[in-house]
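Where a number appears in this text, it was derived from the coordinates with a stated rule and is not lab data. Being a predicted model, the structure only gives us computed values, none of them experimental.
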Amino acid sequence: MTSPGWLKPKDAANYAGISERTFREWLKRGDLRFSRLPTGMILIRKYWLDAYLTSFEVQSTGAEVDKLVENICRR
């Protein structure tokens, strides 16, 4: 069991709404901070994950979002 504020990779992936495979790719590429215990267990602070996801926050007007969605739907 992890302490409050810390997540194992599987739980962190669920928290972020992504696959565990994608999450492990983020770790492998060095995109996301993590701690590795002497036992080899990987732990991620919720704060680090929130900060990483927030770095992709899009602040657009409704018109810009509509245009983006329109372009994606055309593909």
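Residue separation times 0.36 nm, minus the C-alpha to C-alpha distance between Ile72 and Arg36: what's the value?
9.1 nm
Using only the alpha-carbon atoms, how far is helix 20-29 inclined from the longest principal axis of the chain? Give it as 0 to 90 degrees, nearest 10.
80
What is the angle, in °, between the Cα long axis of helix 62-74 and the longest principal axis of the Cα atoms in the chain? Nearest 10 is fine, range 0 to 90.
90
May I ask for the equivalent-ellipsoid semi-axes of the chain, computed as the square root of five times each C-alpha gyration tensor eigenvalue and listed largest first in whole Å?
Each semi-axis is √(5λ); the values are 31, 13, 10 Å.
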